[in-house]
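The next block holds one structure in the form of structure tokens; read it before the comments.
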Amino acid sequence: MVPRSHLIIIGVDNPVGLSLSEQAQSHNLRFTAITSTDWNLNDLADIRRHLEETHATVLVNTLTAKQSLSAEKAAYLAQACESAGVAMVQLSSSLVFSGQDGSHFTETDALTLNTDEAKRYAVIEEAIMRHCRRYLLLRVGWLFSSKGEDVASRVLSLAKQEQHLHLSDRKQVSPTSACDTAAVLLAMTRQVQYTESLWGIYHYSSSEVMSLFQFAEVVVANARQYDVLMVEDIVADNASDMNRHFSEASPLLASKKILFSFGIKPKPWKQALSRVLKRRYQVTA
């Protein structure tokens, strides 16, 4: 009989970590919620002590290179997990395939590290794979959520300031909600303890791919239910300087491995966007 898991969720002060803790609570799971500053991630001995004190079985780290996670901190977490017999689950990004817009990448494709951000994600992944044998790495694409700065909030900010949005209809994106990402992390964490062969790297993205221009249309249409926006129309314009607000790469991820291994199907992001915007405006009201 597999012992009941005790999850450590690091990063509950970011959207994915917060959603993961809420979902863990709704499933009556045993977990400890850790913010980005609760533990000293530069101190290996301190991390080990925390893992021992909490009797952790799985550590889920939702901090990424965007939230100041470094290769050194990732290595310390991985080493502490390995020595304590704790499995490690790490959120990563499609940006390890930087500069490859429009291509669908599998988990076995070679990384294309054309940006500093891509290199930061790659060294974090490498540190975890080097120091921890029982790991899951989940790469996701463009994240949006009910709080904080992300692709949806950028569209809303422009829509409140500009009468006309000029955005690319060539840049293909697959936006993914923080809550769906958290649900995937939780499902993987709950299943992997029963099948040791599932450890490794996985990709997840939503089931709908569209252009940045189309994404903005959907965001604005939903937001009009809750807010008075200045924007009058959205124009497809690949040369517009406005596209610089969305300058990060948007490599697309193939999600077949996670489907075949865990039975996790990509979800449509439009439904999640409606829920996210409703919650975003309820929070800011």
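Remarks
- Each Lys and Arg contributes +1 and each Asp and Glu -1, all at the Cβ; summed about the Cα centre of the range 160-285, the dipole is approximately 600 debye.
- Top of Trp269, Trp142, Trp39 by mean-square fluctuation, Gaussian network on the chain, Cα under 10 Å: Trp39
- Intensity falloff of the range 25-145 expressed as log10 I(q)/I(0), Debye formula with alpha-carbon point scatterers, at q = 0.16 Å⁻¹: -0.78
- The range 148-239: C-alpha pair distances exceeding 19 Å, %: 52 percent
- Shape box of the range 134-181 [Cα atoms, principal axes, largest first, Å]: 51, 26, 13
- Less than 5 angstrom separates the built amide H of Thr176 from those of Trp142, Leu143, Phe144, all sequence-distant by 5 or more or on a different chain.
- Sorting the segments 226-235, 150-159, 18-27, 84-93 by their residues' average number of neighbouring beta-carbon atoms within 10 angstrom, most packed first, yields 84-93, 150-159, 18-27, 226-235.
- Of Lys66/Lys256; Lys73/Lys270; Lys73/Lys160, pairs whose Cα-Cα distance is over 32 Å: Lys73/Lys270; Lys73/Lys160
- Dipole magnitude of the range 26-84, debye to nearest 20 (Cβ charges: Lys/Arg +1, Asp/Glu -1, about Cα centre): 180 debye
- Spin-label model, Arg154 to Met129: label points 7 Å out along the Cα-to-beta-carbon direction sit 2.8 nm apart.
- Fraction of beta bridges assigned by DSSP in the chain that are antiparallel (%, nearest 5): 5 percent
- Calculated FRET efficiency for the pair Arg244/Glu52, C-beta based, R₀ 41 Å, to 0.05: 0.30
- Segment Gln271-Ala110, extension gain: residue separation times 0.36 nm, minus the distance between their alpha carbons: 54.7 nm
- Projecting label points 7 angstrom from Cα along Cα→Cβ for Lys256 and Glu162 puts them 3.8 nm apart.
- Residue of Thr64, Thr189, Thr54 that the Gaussian network model of the chain assigns the largest fluctuation, springs spanning Cα pairs under 10 Å: Thr54
- Each part reduced to its alpha carbon centroid, the range 5-49 and the range 218-285 end up 27 Å apart.
- At R0 = 30 Å, FRET efficiency that the Cβ-Cβ distance of Glu72 and Asn28 yields, to 0.05: 0.25
- Qualifying aspartates and glutamates (Cα of each under 14 Å from Cα of Lys265; at least 8 residues distant if same chain): Asp180, Glu208
- Assigned charges on the beta-carbon of Lys, Arg, Asp, Glu; the chain dipole about Cα centre (debye): 800 debye
- Estimated 222 nm signal from helices in the chain, with DSSP H stretches of n ≥ 4 weighted -39500 (n - 2.57), rounded to 500: -12500 deg cm²/dmol
- Among Phe262, Gln282, Val235 the positive-end extreme of the charge dipole of the range 211-285 (Cβ point charges): Phe262
- Gain upon complete extension [Thr35, Gln191; 0.36 nm per residue less C-alpha separation]: 53.7 nm
- Taken over the range 180-285, the ratio of Cα radius of gyration to 2.2 N^0.38 Å equals 1.36.
- For the range 74-179, the list of GluC sites (Glu not before Pro) that fall in a loop by DSSP and count at most 12 other C-beta atoms within 10 angstrom reads Glu149.
- The gain in end-to-end length when the Gln225 to Gln282 segment is fully stretched comes to 19.3 nm, 0.36 nm per residue minus the alpha carbon separation.
Rule-based calculations on the coordinates, nothing more; no lab input. A quick note: this is a predicted structure, and the numbers were derived from the prediction, not measured. Quick reminder, even Gly has a Cβ in these numbers, built from the backbone with ideal geometry, and neighbours come from all protein chains shown.
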